[in-house]
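Taking it in order: structure first as structure tokens, then the write-up.
The values are calculated or read from the model by the stated rules, or taken from the named source; none is laboratory data. Source: prediction; values computed, not measured. So basically every Cβ, Gly included, is an ideal-geometry build from the backbone, and we count neighbours across all protein chains shown.
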Amino acid sequence: MLGVLAFTAHGTPTTGVVARLDDVQLVVSNQTDVLHSIHVDSVVTPTDSWLVVQADSGNGVPGAVIGSVYVPKGDHNDLTIQLDPSQPLPKRAFVTLLADGGQPNVLEFSSPAGRSGAMGGMGSTAGTGSATVAAVTKDQPIVAGGAVVAAHISLSPLTSTVEAGSASIASASVPATSTTVTLYGVKAPAQSWAVVSTEGTGGVPGKVLGQTAVTAGTHDSVTVDMLSPPGMQGMRATLHVDLGTLGVFEFTPLDPDNSPDQPYVAGGQSVSVPVHVIKKPPAKR
């Protein structure tokens with residue numbers, strides 16, 4: 001059951017759409033290794049809705065809208081909310097459930113801090129963008145049990161230094177006459193790069209021979225193409241974070257400290273393994 005209620009609370013809108021506690025749910029945890037999105041464990045909504053991410057303005061008050069996703073009526077698990085890359089990542093943020101009360105699938109919302117949104121939706125996958133002025137706030141927060149359905153969470157940005165076990169490569173190999181290196185047992189905490197380089201001094205990767213994008217998650221194998229066969233030169237396979245422009249490999253071996261897409265360090269160890277070159281077996285007599 002839904003209804004409209006006017007209410008007053010510090011830092012919150014003055015109107016809301018009332019729902020029964022049994023009909024609504026929002027489960028979202030503090031976020032670590034945040035790059036371009038946050039993860040929502042589950043949401044139950046009695047009407048077509050929006051999940052909106054707002055930066056904490058610094059004193060516990062919702063501020064600028066930095067991300068949103070359209071959520072149809074019903075139960076949903078494992079939702080992703082894409083964040084606006086033009087907005088700085090705040091240390092804390094609010095995730096709020098809004099009823100889609102205006103134009104369907106168009107976010108029409110003015111935040112309490114004065115930043116307003118009129119953002120087009122993109123179905124049930126994601127809708128993000130910089131806020132523009134909206135004449136009327138039509139998408140109101142859903143209220144259950146006398147409180148806005150929202151979560152106040154912390155956001156920790158992804159860096160190249162991650163916890164032990166969150167990024168790894170088990171092994172890598174390539175036939176001596178092949179131009180394709182295969183990496184086995186690859187685990188990436190976020191969008192990343194699998195990179196094959198010449199063996200530098202002290203186990204440090206040297207010249208980049210090839211790279212391929214790797215999605216977040218665990219992969220049985222990942223292949224990296226090179227321009228020419230390796231011969232017998234020493235090589236390393238390294239996992240890099242995609243911290244710069246998403247989908248663009250930005251790493252210079254001669255200036256690694258100023259390169260956005262640096263190699264991961266997991267548990268104090270570089271995520272890099274030597275590439276085993278498989279020699280051609282001798283011909284049978």
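Looking across the range 185-230, the residues that are outside any strand (DSSP E or B) and surrounded by fewer than 13 Cβ atoms within 10 Å (Cβ to Cβ) come down to T201, G202, G203, T215, L227, S228.
Quick check on A167: is it in contact (Cβ under 8 Å) with a residue 60 or more places away in the chain, over 30 Å from K280 (Cα atoms), in the same structural domain as D225 (by TED's automatic domain parsing) and not acidic (D, E)? Criteria met by A167.
Hey, does the range 229-243 have a residue that's charged (D, E, K, R) and in contact with a helix residue (DSSP H, G or I) (Cβ under 9 Å, 6 or more places away or on another chain)?
Yes: the range 229-243 contains one or more residues that are charged (D, E, K, R) and in contact with a helix residue (DSSP H, G or I) (Cβ under 9 Å, 6 or more places away or on another chain).
Residue count for the range 248-285 under the criterion of being in a loop (DSSP other than H, G, I, E, B) and free of Cβ contacts under 8 Å to residues at least 40 places away in the same chain: the result is 12.
Scanning the range 231-249 for residues that are out of contact with any Leu (no Cβ under 8 Å at 6 or more places or on another chain), of a type outside the set (A, V, I, L, M, F, W, C) and surrounded by 15 or more Cβ atoms within 10 Å (Cβ to Cβ) yields a count of 3. Restrict the check to the range 155-162 and report whether at least one residue is outside any strand (DSSP E or B), touching a Gly at 6+ places or on another chain (Cβ under 9 Å) and either touching a residue at least 12 places away in the same chain (Cβ under 8 Å) or of a type in the set (V, I, T) (or both). No, the range 155-162 contains no residue that is outside any strand (DSSP E or B), touching a Gly at 6+ places or on another chain (Cβ under 9 Å) and either touching a residue at least 12 places away in the same chain (Cβ under 8 Å) or of a type in the set (V, I, T) (or both). Out of the residues in the range 211-234 that are modelled with pLDDT under 95 and under 28 Å from D33 (Cβ atoms), state the one that is nearest to the chain's Cα centre (by Cα). Ranking the qualifying residues of the range 211-234, first place goes to A216.
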